[in-house]
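S.K.: Dumping the structure here so I can ask a few things about it.
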Amino acid sequence: MTYEIQAVARAAQGTGASRRLRKAGKLPGIVYGGNVAPLAIELDHNSMYYTLKEEAFHTALIKLAVEGKIEQVLLRSVNYHPFKQQVLHLDFQRVDENTTVEVRVPLHFIGADVCEGVKMQGGTMSYILNDVMVRCVATKIPEFLNVDLSKLAVGNTIANLSNIQLPEGIELMALVRGEGLAVASLNGAKAG
């Protein structure tokens, strides 16, 4: 999915300028990367606040229009207020089809309700990881990764990173480092 957002370049920077922007319902941000100097921007706070609630936005390529010029960017950092429902700052990175990036991608668990360990052996599923760090070309970032839990039963109670089917060109950073982390486990299943 591709998102398109509008922004305006801003000249005033610093804490005071950012506070004034937030009071006016705007959101400060920055665009960096590539062979171009970083660009300070301002966005509409409310539209960005609700867009940030969409899981796909955090791994999607974004077409950022800044005063008529469109750049392809990736969301890199979001700063939230500690207790108000307010976004304080956004960081975007310029990317192209040759840029290799490391990004956190959410895991979607499927088949937990039909696996033998839950359905027939009375176990419960515990989810250990919610997302994983992947490395790939920016244009091939997956929206999410599926973890199939339908085969878990007594004697095979842990789903590892190595069980995740990866699209071509995607590397799991934990596996690159040699860490075979568990992503889900089956608890309390009894052999029947």
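The values are calculated or read from the model by the stated rules, or taken from the named source; none is laboratory data. Note that the coordinates shown come from a computational prediction; the quantities given were computed from them, not determined experimentally. Note that each Cβ is placed from the backbone with ideal geometry, even for glycine, and that neighbours are counted across all protein chains shown.
S.K.: What's the total number of residues in the range 107-147 that are outside any strand (DSSP E or B) and hydrophobic (A, V, I, L, M, F, W, C)?
M.R.: 10
S.K.: Does LEU88 satisfy being within 28 Å of GLY169 (Cβ to Cβ), outside the structural domain of TYR127 (by TED's automatic domain parsing) and not in a helix (DSSP H, G or I)?
M.R.: no
S.K.: Here is a further query. Taking into account only those residues within the range 52-84 that are of a type in the set (Phe, Trp, Tyr) and more than 11 Å from the chain's Cα centre (by Cα), which is surrounded by the most Cβ atoms within 10 Å (Cβ to Cβ)?
M.R.: TYR80
S.K.: Of the residues ALA37, ALA17, only one is assigned to a helix (DSSP H, G or I), outside the structural domain of ARG135 (by TED's automatic domain parsing) and surrounded by fewer than 18 Cβ atoms within 10 Å (Cβ to Cβ); which?
M.R.: Going through ALA37, ALA17 in turn, the sole match is ALA17.
S.K.: Could you tell me which of the residues GLU42, GLU97 is part of a strand (DSSP E or B) and over 30 Å from ASN156 (Cα atoms)?
M.R.: When all the criteria are applied, what remains is GLU42.
S.K.: For the range 65-74, check the following and say yes or no: at least one residue is outside any strand (DSSP E or B), out of contact with any Pro (no Cβ under 6 Å at 6 or more places or on another chain), outside the structural domain of THR139 (by TED's automatic domain parsing) and farther than 29 Å from MET173 by Cα.
M.R.: Taking every residue of the range 65-74 in turn, at least one turns out to be outside any strand (DSSP E or B), out of contact with any Pro (no Cβ under 6 Å at 6 or more places or on another chain), outside the structural domain of THR139 (by TED's automatic domain parsing) and farther than 29 Å from MET173 by Cα.
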